[in-house]
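In what follows, a structure is listed as structure tokens, so that the remarks can point back to it.
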Amino acid sequence: MAFLNFLRKIKFIVRGYHFGLALLGVLIYLFPSRKIFVIGVTGTKGKTTMLEVLNNILTANGERVAVLSSLYFRVGDSQEKNLTNNTMPGRMFVQKFLRRAVKARCRYALVEVTSEGVVFSRHRFVNWRMAVLTNLASEHIESHGSFEKYREAKLSFLKYAFSQKAQLFFNRDDVSADFFESQFKNEGERVKFYSKSDLRKIFPSVDNIHYLFSSDFNKENLAAAVAVAESLRVSNEVIRDAGLKFSGVPGRMEFVQRDPFSVVVDYAHTPASLEKVYVNLKNLAKGKLICVLGSAGGGRDKWKRAEMGALAQKFCSEIILTNEDPYDEDPRKILLDVKSGIDDGKVSETLDRGEAIKKAINLAKEGDVVVITGKGSEPFIHMAGGERVVWSDGETARSALQN
């Protein structure tokens, strides 16, 4: 009992420290969110895609936009890759980013909000004007302690934004819709629900916009961006034009090659997102599905490994298990955990991710689809002792195709 009380005190001190940093940041950078329209996007999947679609729409409408995402930090015409290994960096980063956006005369700031960022108070002291939830599924369970605590972190952000008069947007097509509707009952116009079915009023055939939107989950991401844009009174003509010109997001259903066989890179790193990617590509494939699969985050979310292996067995004709982000855990143990969900012989293993991608491409025939998941556009593989290996799934696949 004494040890548990000690751990609680440590946790309280750590959270107090991060709360203090958030407070110090807003004081140092002079309350920047009071001078810019800040939109927060949270959810398990789709944050980056939804935010990038919205950025395209607002930019097409002639607005100056700042973006803080897992891919990059953009302020006006300046952009740099996010190499921090945090979608929502700490150490007063959010307040500094918003101050830069104000100085660059941006009208809107679009910010990815993560559950762990919320736990560490990185969302605090920001004047949120809109907050969007894309969806909710199991993730970061070991970090938060349970799915309920993970959901509570998302809800905490939404309630915080709502207390600041923000307008909230929820996905009617997601299984979490009823839960969040119950949390914000009778709140009037400041709570809106969107659905992929809403797209018909703007796009005659959403499947013809971009191959990215052939999947239901990305239709939902598009619908979220459209709902926000409509609330900002962007015209249907601008929204439609931006959708037609949208070229996709690196590492999110990114087709490195389409013929004679397809090679796709996607960030899917949870069972729910992996299943949606496999279902979508299985429907597109004329031949077989060949997958390169790992399990991100050594030391965390071990529960999902066997499930991801089972999904690969269900949908893929060939499975190549490989390294992803082992951190300080033995990568061979991670592969064994994934393999425990596979009960037949259509699986091979190689810790060299480049060799795994090359092997998958060499196996492909006309009409097949090679799908490489887990890393997306992430620029590093994270090894033991803090070592980072420069990496790109997309470039590795392109090199293998050329050779």
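Structure above, values below:
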| read-out | value |
| --- | --- |
| Evaluation of Lys154 against (1) in a loop (DSSP other than H, G, I, E, B); (2) closer than 21 Å to Leu51 by Cβ (one fails), failing number | (1) |
| Any chance Val277 is in contact with a Gly (Cβ under 9 Å, 6 or more places away or on another chain) and of a type in the set (Val, Ile, Thr) | no |
| Residue in the stretch 58-69 that is among the polar types (S, T, N, Q), within 16 Å of Leu110 (Cβ to Cβ) and in a loop (DSSP other than H, G, I, E, B) present | yes |
| Among residues of the stretch 93-119, those that are in a loop (DSSP other than H, G, I, E, B) and crowded, with 20+ Cβ neighbours inside 10 Å, counted | 3 |
| Residue match in the stretch 120-140 (condition: assigned by TED's automatic domain parsing to the domain that holds Asn61, part of a helix (DSSP H, G or I) and out of contact with any helix residue (DSSP H, G or I) (no Cβ under 8 Å at 6 or more places or on another chain)) | no |
| Some residue of the stretch 311-319 being surrounded by fewer than 18 Cβ atoms within 10 Å (Cβ to Cβ) and not assigned by TED's automatic domain parsing to the domain that holds Gly376 | no |
| Elements of type helices (runs of 4 or more DSSP H) contained in the stretch 320-403, each with 3 or more residues being assigned by TED's automatic domain parsing to the domain that holds Asn283, touching a residue at least 12 places away in the same chain (Cβ under 8 Å) and touching an Asp or Glu at 6+ places or on another chain (Cβ under 8 Å) | 331-339, 353-363 |
| Matching entry among Ile239, Ile202 (being without any contact (Cβ under 8 Å) to a residue 60 or more places away in the chain, within 25 Å of Phe37 (Cβ to Cβ), in contact with a helix residue (DSSP H, G or I) (Cβ under 7 Å, 6 or more places away or on another chain) and not assigned by TED's automatic domain parsing to the domain that holds Ile357) | Ile202 |
| Scan of the stretch 276-319 for residues that are of a type in the set (Asp, Glu), within 21 Å of Ser176 (Cβ to Cβ) and in contact (Cβ under 8 Å) with a residue 40 or more places away in the chain, ordered by number | Asp301 |
| Residues being small (Gly, Ala, Ser) and over 17 Å from Ile381 (Cβ atoms) - total across the stretch 277-335 | 7 |
| Sole exception among (1) buried (at least 19 other Cβ atoms within 10 Å of the Cβ); (2) within 18 Å of His269 (Cβ to Cβ); (3) not β-branched (Val, Ile, Thr) for Met383, by number | (1) |
| Qualifying positions in the stretch 90-111 - at pLDDT below 95 and at positive phi | Arg91, Met92 |
| Condition broken by Pro89, with the remaining ones in (1) over 13 Å from the mean Cα position of the chain (by Cα); (2) not in a loop (DSSP other than H, G, I, E, B) satisfied | (2) |
| Residue match in the stretch 109-124 (condition: over 17 Å from the mean Cα position of the chain (by Cα), closer than 26 Å to His382 by Cβ and of a type in the set (Lys, Arg)) | yes |
| Conditions (1) at pLDDT 85 or above; (2) under 28 Å from Phe246 (Cα atoms): number failed by Leu212 | (1) |
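The values are calculated or read from the model by the stated rules, or taken from the named source; none is laboratory data. Just so it is clear, the structure is predicted and the values come from calculations on it, not from any experiment. Cβ: placed from backbone, ideal geometry, glycine included. Neighbour counts: every protein chain shown.
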